[in-house]
1. Looking for something closer than 23 Å to residue 178 by Cβ, in contact (Cβ under 8 Å) with a residue 60 or more places away in the chain and among the polar types (S, T, N, Q) - is there at least one such residue anywhere in the stretch 125-136?
2. In the stretch 299-322, how many are modelled with pLDDT of 95 or more, near the ligand (Cβ under 8 Å from one of its atoms) and surrounded by fewer than 18 Cβ atoms within 10 Å (Cβ to Cβ)?
3. Determine, yes or no, whether residue 342 is within 16 Å of the ligand (Cβ to nearest atom), open to solvent by less than 30 Å² (accessible area, probe 1.4 Å) and at pLDDT 90 or above.
4. Taking strands (runs of 3 or more DSSP E) that fall entirely within the stretch 79-167, which contain at least 2 residues that are outside the structural domain of residue 218 (by TED's automatic domain parsing) and modelled with pLDDT of 95 or more?
5. Among the residues of the stretch 210-246, count how many are open to solvent by 40 Å² or more (accessible area, probe 1.4 Å) and either among the basic types (Lys, Arg) or part of a helix (DSSP H, G or I) (or both).
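The values are calculated or read from the model by the stated rules, or taken from the named source; none is laboratory data. Small disclaimer: the values here were computed from a predicted structure and weren't measured. Here Cβ is always computed from backbone atoms with ideal geometry, including for glycine, and neighbour counts include all displayed protein chains. In case anyone asks, the SASA skips ligands and DNA or RNA and just uses the protein heavy atoms, side chains included. Shrake-Rupley method; radii C 1.70, N 1.55, O 1.52, S 1.80 Å.
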Amino acid sequence: MSGGIAAYKACSLLRLLREEGHDVRVVPTESALRFVGTPTWEALSGHPVTTEVWDDVPGVQHVQLGRWADVVIVAPATANTLARAAAGIADDLLTTSLLTAACPVIMAPAMHTEMWHHPATQTNVATLRARGVTVLDPAVGRLTGADSGPGRLPEPAELAQVVGDILAGGATHDLAGRRVVVSAGGTREPLDPVRFLGNRSSGRQGWALARRARARGADVVLVAAHVDLPEIPGVRTLRVGTATELHAVMLGQSAGADVAVMAAAVADFRPADYADRKIKKSDDGSDPAPVVLVRNADVLADLVARRAPGQVIVGFAAETASSPEELLALARAKLARKGCDLLVVNDVSEGRVFGADINDAVILGVDGTVVADAHGSKDALADAVWDAVAKRLP
Ligand code: CTP
């Protein structure tokens, strides 16, 4: 770790990694020790800690550490440490170890917003990324003082997840620096204070899309309609209720985003009238008045109509069909109607997929050709979607 106030959060990261069974060596810079001292790092890691190449010279620490590690994470990475790493400067044990490390290297920057936005820092980040280093985007929020903005160290649980993904070999950071907006869940259209018209979407596919996009480095906004799932670390979740609310939030959030994904099940119709008071049975036993429905806006079609150059828009289609051919024909007709770049098609005949852990889906490209066949977990489908998206981003 290098010398930022966020070094205190690295203590939690260290604990999490140890609890997952990893052997962790801590290499602080001199300035990092001004924030958290050697005894803390030694106690939490169970190993001696030094900042200097001059300690334990016969052990040739800088080479030994670089060879020993399966993964290196610099958390927090200050502007100064990013600059030293980008320039290949080796003036302490951390930077010399970075030069000898043959394993994946992750940098988790933390600094004030001005320092992060400075062209010098941005150039260093670009240099490191071009060299294959995984440089995470800093989280957005309250900084050391009263100010807030991009510059926070991502939460320890999120950092531990990135380390785990990279060790599992499944991590690419192909969405770093990209802004993505994902809708999830199912809208509810109220009839009266206690009743609504809804659907059976659990929101789990949208959640998987947001989680995997975050793991691949994207800045993710999740627009959730009635989803009963825990918040994802590092993902900003905005809760909505009706199709009209989802429409407004999706359009607002998608302006300036690189990708918009409509995984939510949006009600096509809403009751024309909302009863302020609960609708009661009539005393004379007569039938209730029929519920009159009016059309909701088509969010996906409106996103397509406002698409910025280079923006990628993904739609979902849940269809019931009697054969794979009919499924594809229905999906292609929907794709032509909606005009999105990718359409993920699920067969939901006989209750399949809703609430299930395993998905069977095909992903169609803009011209209707099948670009991927995805069978497996919701995470696997999410990754197949992001693979197809990444290929289409400028
Ligand atoms: N969708 C939307 N706004 C709506 C309805 C649907 O943005 N009012 C989006 C869904 O999020 C999904 C895609 O459109 O990404 C297809 O949804 P689906 O319900 O299958 O399509 P519809 O256009 O409603 O077609 P139909 O119900 O006639 O099959």
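1. If we filter the stretch 125-136 for residues that are closer than 23 Å to residue 178 by Cβ, which is where we start, we get 125-136.
Keeping just the survivors that are in contact (Cβ under 8 Å) with a residue 60 or more places away in the chain gives 134, 136.
Subset that is among the polar types (S, T, N, Q): 134.
Among the residues of the stretch 125-136, at least one is closer than 23 Å to residue 178 by Cβ, in contact (Cβ under 8 Å) with a residue 60 or more places away in the chain and among the polar types (S, T, N, Q), which makes the answer yes.
2. 2
3. On the way: within 16 Å of the ligand (Cβ to nearest atom): yes; open to solvent by less than 30 Å² (accessible area, probe 1.4 Å): yes; at pLDDT 90 or above: yes.
Against the criterion (within 16 Å of the ligand (Cβ to nearest atom), open to solvent by less than 30 Å² (accessible area, probe 1.4 Å) and at pLDDT 90 or above), residue 342 qualifies.
4. Counting at least 2 such residues, we get 105-109.
5. 5
For every residue, the table says whether it meets (1) within 15 Å of the ligand (Cβ to nearest atom); (2) in contact with a helix residue (DSSP H, G or I) (Cβ under 6 Å, 6 or more places away or on another chain); (3) in the same structural domain as residue 308 (by TED's automatic domain parsing); (4) without any contact (Cβ under 8 Å) to a residue 60 or more places away in the chain.
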| residue | (1), (2), (3), (4) |
| --- | --- |
| 184 | yes, yes, yes, no |
| 243 | yes, no, yes, yes |
| 246 | yes, no, yes, no |
| 268 | yes, no, yes, yes |
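Here is a yes/no grid of residues against (1) in contact with a strand residue (DSSP E or B) (Cβ under 7 Å, 6 or more places away or on another chain); (2) surrounded by 14 or more Cβ atoms within 10 Å (Cβ to Cβ); (3) of a type in the set (Ser, Thr, Tyr):
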{"position": "7", "(1), (2), (3)": "yes, yes, no"}
{"position": "27", "(1), (2), (3)": "no, yes, no"}
{"position": "61", "(1), (2), (3)": "no, yes, no"}
{"position": "78", "(1), (2), (3)": "no, yes, yes"}
